[in-house]
Amino acid sequence: MLRFEFTDIHDKKVTVLNVLSLDINIEEDVPADDMSARFAYFECDELKNVVVYDNDEIIFTGIVDEQQIIKDVNGEYIRIVARSMAALLLDNESMPVCYTNPSVSLMLTHHLSPFSLGLEKESFRAFYGTQMVQKGDSNYKTIQDFSKSVFGCDPRVNALGKLCFPENIERGAVTFSDNGNGINYYSYNENFRRCDEISTVKIKLVNQTGYNAEVVNEDATSRGVKRIRYLDAAKMDTPAVYAQKMIDNSKKKSYMLKLQCIGRHLGILHCDADVNDSVYGKRDRLYVSALRYSLSTKGEYTVVTLKRKEGSNVAA
């Protein structure tokens, strides 16, 4: 049974059991998860925090962004819109500073602890160099820049409200099927977008007149995709890295598989995935990039978005 534990501005706990509808969205490229819930009207003061339980398991922790009281021909309601605890990092600026050899401990002290946030798992990693925090940078951007320098990718705030650096994120693996062997789905929507894929990025090296270097998307060229972009190395520090990122981003956009699954499946973001369909066959080397859970009087389902990894068996 779902249980909503709200905290009001006087730090009083408010427990609500009967939710009329609930939507939770989780996306890999969006730092803060979001939640929207509707309840039959109940008296309360202004609410500030929420923790959502499924029996004793926490499935969402966040701050209340909106609190609406609604009356219409169907009755009286309260609607709550919230974001995960990552919202505190997004909504607050960092103090401009230049860090020398910043560590995970420093990030915790200056950018997490002030918002009563902590780490899911202790880490002693550090970035050996300088990190500039500019005026207007959010606390999330500061931590994100640090994480990219040390771990090579973005951090994530989990359902418990704890920050996870990539080395501590367990990917796991999951199988989807329409025949009961795995997570069952009843809607399949596969989209191949060749128009989004880049085949080659040509680079003009410093002190050269032509675009003589290139980074090639071998998978795209082998499938007859021809879409070329150009970069000037004089205008950036790491042109080859940037070119590869352009190609990687185009790959992510060029393929998407959405499955509408029965029930709630929220703990599988970033998991490796494969799909066994009775009509379309196997799709492998995919991963879970987004989740949208919905609950209403009509039932509950989760829309799972899958994207491809390098070498995926997803050619049209």
Determine whether the range 255-277 contains at least one residue that is modelled with pLDDT of 90 or more, touching a Leu at 6+ places or on another chain (Cβ under 9 Å), part of a strand (DSSP E or B) and among the polar types (S, T, N, Q). no
In the range 284-300, how many are without any contact (Cβ under 8 Å) to a residue 60 or more places away in the chain and either at negative phi or not in a strand (DSSP E or B) (or both)? 4
For the range 1-112, which strands (runs of 3 or more DSSP E) that fit wholly inside it have 2 or more residues that are among the β-branched types (Val, Ile, Thr) and outside the structural domain of ALA159 (by TED's automatic domain parsing)? 13-16, 19-27, 47-54, 57-72, 75-84
Mind checking which pairs have a first residue in the range 150-168 that is under 14 Å from SER84 (Cα atoms) and a second that is acidic (Asp, Glu) and modelled with pLDDT of 90 or more, Cβ under 9 Å, 6 or more apart or different chains? ARG156/GLU28; VAL157/ASP33; ALA159/ASP33; ALA159/GLU57
Selection count, the range 212-238, where residues are in a loop (DSSP other than H, G, I, E, B) and either more than 29 Å from the chain's Cα centre (by Cα) or exposed (fewer than 14 other Cβ atoms within 10 Å of the Cβ) (or both): 7
Failed item in (1) closer than 22 Å to ARG308 by Cα; (2) exposed (fewer than 14 other Cβ atoms within 10 Å of the Cβ); (3) among the aliphatic types (A, V, I, L, M), with ILE262 passing the rest: (1)
Please determine whether any residue of the range 119-142 is buried (at least 18 other Cβ atoms within 10 Å of the Cβ), over 30 Å from GLU300 (Cα atoms) and more than 26 Å from the chain's Cα centre (by Cα). no
Please go through the range 79-101 and pick out each residue that is exposed (fewer than 14 other Cβ atoms within 10 Å of the Cβ) and among the polar types (S, T, N, Q). ASN92, THR100, ASN101
Name the residue, out of VAL215, VAL288, VAL206, VAL279, that is of a type in the set (A, V, I, L, M, F, W, C) and in contact with a His (Cβ under 7 Å, 6 or more places away or on another chain). VAL288
Determine if the range 12-28 includes at least one residue that is hydrophobic (A, V, I, L, M, F, W, C), within 26 Å of GLY118 (Cβ to Cβ), surrounded by fewer than 18 Cβ atoms within 10 Å (Cβ to Cβ) and at pLDDT 95 or above. yes
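The values are calculated or read from the model by the stated rules, or taken from the named source; none is laboratory data. What you see is a predicted model, and the numbers here were worked out from it, not measured in a lab. With ideal geometry, Cβ positions are generated from the backbone for all residues, glycine too; neighbour counts draw on all protein chains shown.
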